[in-house]
Structures are given as structure tokens and as C-alpha cells.
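For reference, the structure is listed below as C-alpha cells.
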Amino acid sequence: ITPKSRVLIVNSPHNPTGKVFSREELETIARVVREENRNRLPGDELLVIADEVYKYVCHGDEQHIHFASLQDMNDITLTVSSAGKTFSATGWQIGWIVGPRHLIQPCQALLPYLQFCAPTPMQQALADCLDE
């Protein structure tokens, strides 16, 4: 991490290794992010993208921990998830992000320029799954 770093990507459970970061490991990453952000001006924070698409694929005693749930991480984290991994519907190719409004709004502004769009029936099916 340098002063030019803008985003840290945390991938847990990790693909392809299957590594699930422990609470202690995630807390250490969060501490490093907090320390880095203490040296930055407001609006120039190091942000985190938490790739958690495999959160339901943990084996043995491993437990998934949402990175945004850690101390001071909610306001600087975008969490990525996927219908393909969550509902075993890989052909749907639909995902979503969750985070604070000030991080979500710029992402929404980019949506009209994306080359990929999931078919409307798949979007409705996902909405129905999430409602349940």
C-alpha cells in the first residue's frame, strides 16, 4: 500500500485456493486500512472491494466474515456478490454490490456504459430469490 493506492481488494473465500480468511487475519487487514486512512485527507481514503461471491462455500469449521462488518470498514467497503455462486445459477451471470450510498452512486452512474446486461427474466428471478 502506497499513498497512490486507491483500492484494496479482499477476496474471501478465495478463488481458486478456497482460503477463508480468519477473523484475526481480516482484523489485521482492517487495521492496516485504518492506519493508512489516518494519514489521508477526507475523500482520499483507501477503499476496499470485498469479493465475497463464495461466502456460502466454506468447509469444515471455517466461517465467512463480512469485511464491511469490521470496525470502521462499513463506510469504505463495497461488497461484491453473485447469484451464480449464491444460488448455483452460474448461467445467470448476475451479480450485485452492497455498500454505502456515496460509493454505490458512482457505480450506478457507470451502468449505462456496461457492455453486458443480464436478461430481464433472470433479473426478475434473482429479485424473487433475494426477496425470499
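Just so you know, all these numbers are worked out from the coordinates, no wet-lab data involved. Everything quoted here is computed from the prediction, not taken from an experiment. Virtual Cβ from ideal backbone geometry, glycine too; neighbours counted across all protein chains shown.
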Relative contact order of the chain, please, whole-number percent, based on alpha carbon pairs below 8 angstrom and at least 6 residues apart.
20 percent
Cα axis of helix 120-131 to longest principal axis of the chain: angle in degrees, 0 to 90, nearest 10?
60 degrees
The chain - share of DSSP beta bridges that are antiparallel (%, nearest 5)
30 percent
How high is the relative contact order of region 59-128, in percent, counting Cα pairs under 8 Å that sit 6 or more residues apart?
24 percent
Expressed in nanometres to one decimal, the distance between label points 7 Å along Cα→Cβ at Ala118 and Arg101 is 2.5 nm
Three-way shape label, the chain, alpha-carbon gyration tensor, a/c 1.5:
oblate
Subtract the Cα-Cα distance of Ala109 and Asn37 from 0.36 nm times their separation in residues, and report this length gain in nm to one decimal.
23.4 nm
Note down the nm distance, to one decimal, between modelled labels 7 Å out along Cα→Cβ at Asp72 and at Thr17.
2.6 nm
Per-residue ³J(HN,Hα) for region 89-96, Karplus 6.51 cos²θ - 1.76 cosθ + 1.60, θ = phi - 60°, Hz, x for Gly and Pro:
10, 4, x, 5, 6, 10, x, 8
